[in-house]
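All remarks here apply to the structure that follows.
Every number in this text was worked out from the coordinates using simple rules, so none of it is lab data. Fair warning: this is a prediction, and the values are worked out from it, not measured in the lab. Reconstructed Cβ throughout: ideal geometry from the backbone, glycine too, with neighbour counts over all protein chains shown.
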Amino acid sequence: MNIVRTIEQRNIEMSKVYQDTMLELLETNGEVVICDADLVGAIGMTSVYNKHKDRCINMGICEANMMSAAAGMSLTGKIPFVHSLAPFAVRRLFDQLYLSGAYQKANVRVFGSDPGFWASYNGGTHTSVEDLALTRVIPNVTVLAPADAVQFQWILREIAGKYGMFYVRAARHRKLLDLYAPGSTFEIGKGVVLCEGKDVVIFAIGEMIKEALDAKEILEKSSLSVTVVDMFTIKPLDKELVRKVIQGKKVVVTAENHSIIGGLGSAVAEVMAENGSPALLSRVGIQDHFGEVGTPEYLQAKFKLKAVDIVNAVIAQMERKV
Amino acid sequence: MTQNLKLFSAEIRLATCKMLLHRGFGHLGGSLSIVETLSVLFGEVMNVRPTEPSWRDRDFFVLSKGHAAPAYYSTLALKGYFPMEMLDTLNDNGTNLPSHPDRLKVPGVDTTTGSLGQGISMAVGIAKSFKISKKDNRVFCIVGDGECNEGQVWEAFQFAAHSKLNNLIIFIDENLKQLDGFTTEILNPFDLKEKAAAFGLYAVRADGSNEKEILDAINECKEKDTTGCIILSTVKGQGIKYFEDMMSNHHVKLIGESINEMTKAIEELEAKIELMKGKSQ
């Protein structure tokens, strides 16, 4: 890993990263194919599809067929990337992902966009708070949640050259936290320690990293020093890093734009329990309920996914009598 | 051709019956209804190398109705993909011959199937991939008529026709029954040929117990500029009167009378094969 933190504000949207990187991959690797289920325009890929008509396939609103067909293509050497909104990239085609994909060791990359509160005006029907749980439970699926444009681009390039089943979740139009400088490299299965403190550790993914870093600033005013870790690989989880950084900490918090059941929070809890960790755990995430319509900002506050919620979780555990 | 393919059909049927009798249970009805189609595909039509199952220029076969694996395994063993003795390991603990085809375990199996509807989608993906690469490989896929209950089948049909995948030929095994009974009573499929045509496929009907009719239909489809869809008129349990007449013959437990009937059928098939071999010499 060669990671450089950045302070530069770039405001690059994930969909733009997807467009640029997929165009680059199409032009450098003749086996790359891209499939979508009538969301080509929605993800801003129209010009890419028009430029590479032979290897960009709009499958229509047929997500199940798209997933199995992509798996079929991969069995003949193609390197398919498929995209849909997160609920339709995972929840709707779970058996196809499981059987056509992972079970028969196919080679497909799935990009699920607008997970969690990013569903925004699409509302509860389009809100996926379970995609990490569903993909994590399938053997041999690598589950990734990039934090910024640099990491997302690195992931797309990296998984183009690897064999297996991959799930990547990211918001489409998010004005990103600029976390990593261009040229940073990562390692799948390895978390990134963003800052180190001695009292509290926050494991966060995606947009929740910004909240975690903001929470750190607030907690430091109360003389609590905080470790923040970007756990962009939910599976395989960096268990060694979890074990290492929770040592001596009083409180561990996980922060994710996902249900507290089955995602990052569960994954960290499993490692802590298996290792007999004495630290107290709080899972900041969506508390076992469905989504609804609203702006991302409204929904993030409503789901209690702000920095203040992380701070409150830490303080509640600090004050708890064990 | 006809004599050899009839002989091959009889051998596939015999091997299938023997393996199911050995195991004592299995998906008998839907295995026997596709025997003649497998015979035509693997006996004459498909460009494959049994000694080199992963040969890049091979034609691909997808058994979308994966539960008919016993007939598929018999065909592969007879072609020399693996030893005939392996057929007796069907559904053993730790076996390499599971009830549904597994591409990671069975030599010659191109795709893992069993969850209905997914095989045909894999087949369209494979065919599309060959089109993208401008390769001449063909893809053949057998779908069950019961399987056509699955909406995914129709997504795949529509995609195949839309993409003019004339390197793909689809067979619908219309044996008229699914697990719980007659297809018309469980969920009426109506006219599958008309429906396939309405989805843009080139649809023809053939007698699925007649090798020549199947072969003629395949050759007819090969001439077209879109995906061919051959509706096979078949009988569940095809070729053995006792099992054809058995109402619930999707998955059969061979106990009591059915053991005697299966043993008798095996003896008759062995005699028939001997006779055919004698005539061909």
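A few remarks follow.
- Oblate is the label for segment A:37-106, because the ratio a/c of its alpha-carbon gyration tensor axes (a ≥ b ≥ c) is 1.5 or higher and a/b is not greater than b/c.
- Once the convex hull of all Cα atoms in chain B is built, its volume per residue stands at 117 Å³.
- Quick note on segment A:14-170: its Rg to Rh ratio, both from C-alpha atoms and Rh being the Kirkwood radius, is 0.92.
- Estimated translational diffusion coefficient (Stokes-Einstein, Kirkwood radius over Cα pairs, 4 °C, 1.567 mPa s) of the protein assembly as shown: 49 µm² per second.
- In chain B, helical runs assigned H by DSSP with n ≥ 4 each contribute -39500 (n - 2.57); averaged across all residues and rounded to the nearest 500, the mean residue ellipticity at 222 nm is -13500 deg cm²/dmol.
- Straight-distance crosslink candidates among aspartates and glutamates, where the alpha carbon sits under 15 Å from A:K198 and sequence neighbours closer than 8 are dropped: A:E217, A:E220
- Fluctuation leader among B:Y81, B:Y73, B:Y242 - chain B, Gaussian network, Cα springs under 10 angstrom: B:Y242
- Efficiency of FRET between A:Y298 and A:I261 - r from beta-carbon atoms, R0 25 angstrom, step 0.05: 0.60
- Taking every DSSP beta bridge that has both ends in chain A, the antiparallel portion is near 15%.
- Between B:D216 and B:N96, the distance separating the two model label sites (each 7 Å from Cα on the Cα→Cβ line) works out to 4.1 nm.
- Debye log10 I(q)/I(0) for segment A:258-322, one point scatterer per Cα, at q = 0.15, 0.17, 0.24 Å⁻¹: -0.56, -0.69, -1.10
- For A:K239, a cut-off of 18 angstrom between C-alpha atoms picks up these lysines, skipping any fewer than 8 places away in its own chain: A:K190, A:K249.
- For B:T183, net neighbour charge (Lys/Arg +1, Asp/Glu -1) across residues whose Cβ lies under 9 Å away: -2
- Scanning residues 5 or more positions from B:V139 or on other chains, those with amide H under 5 Å from its amide H are B:F60, B:L168, B:I169, with H placed 1.01 Å from N in the peptide plane.
- Computed E for B:D225/B:E185 - FRET, C-beta separation, R0 41 angstrom, nearest 0.05: 0.65
- For segment A:102-115, backbone phi angles converted through the Karplus equation (6.51, -1.76, 1.60; θ = phi - 60°) give residue-by-residue couplings of 5, 4, 9, 6, 7, 9, 10, 10, 10, 10, x, 9, 6, x Hz, Gly and Pro being listed as x.
- Volume per residue that the Cα convex hull of segment A:137-220 spans, once the total is divided by residue count, Å³: 122
- The calculated FRET efficiency for the pair B:T51 and A:V193, based on their C-beta separation and a Förster distance of 51 Å, comes to about 0.45.
- Per residue, the convex hull spanned by the alpha carbons of segment B:194-281 comes to 121 Å³.
- Counting only Cα atoms, segment A:103-160 measures 35, 29, 14 Å along its principal axes, largest extent leading.
- √(5λ) per eigenvalue of the Cα gyration tensor, segment A:192-321, largest first, Å: 21, 17, 13
- Global form of segment A:15-74, assessed from the alpha-carbon gyration tensor, a/c cut-off 1.5: oblate
- Candidates per GluC sites (Glu not before Pro) in segment B:221-281, loop by DSSP, up to 15 other Cβ within 10 Å: B:E223
- In plain terms, the bigger the Kirkwood radius, the slower the diffusion; for chain A, with that radius from Cα pairs, at 20 °C and 1.002 mPa s, Stokes-Einstein puts D at 108 µm²/s.
- Here the 3J(HN,Hα) profile of segment B:127-143, calculated from phi with Karplus coefficients 6.51, -1.76 and 1.60 at θ = phi - 60°, is 4, 4, 4, 5, 5, 4, 7, 6, 9, 8, 3, 9, 10, 10, 9, 9, 10 Hz, Gly and Pro shown as x.
- B:F25 long-range amide H proximity, modeled H, under 5 Å: B:L254
- Amide H contacts under 5 Å for A:V108, placed H, 5+ residues apart: A:G164, A:M165, A:F166
- Zone residues, segment A:193-221, relative to A:R320, backbone N less than 14 Å from point 7 Å out along Cα-to-Cβ: A:201
- Separation of the alpha carbons by more than 29 angstrom is noted, of A:K250/A:K304; A:K51/B:K222; B:K6/B:K128; B:K79/B:K272, for A:K51/B:K222; B:K6/B:K128.
- Approximate shape of segment B:25-82 as ellipsoid semi-axes (Cα gyration tensor, √5λ), whole Å, largest first: 21, 11, 10
- For segment B:127-281: rounded, prolate or oblate by the Cα gyration tensor [a/c cutoff 1.5]: oblate
- Over chain A: helical MRE at 222 nm, DSSP H runs n ≥ 4 each giving -39500 (n - 2.57), nearest 500: -9500 deg cm²/dmol
- The angle between the Cα long axis of helix A:14-28 and the longest principal axis of the Cα atoms of chain A comes to about 50 degrees, rounded to the nearest 10.
- 3J(HN,Hα) along segment B:147-154: 4, 5, 4, 5, x, 4, 4, 6 Hz, from the Karplus curve 6.51 cos²θ - 1.76 cosθ + 1.60 with θ = phi - 60°, whole Hz, x for Gly and Pro.
- Kirkwood hydrodynamic radius (C-alpha pairs) into Stokes-Einstein, segment A:88-202, 20 °C and 1.002 mPa s, D in µm²/s: 138
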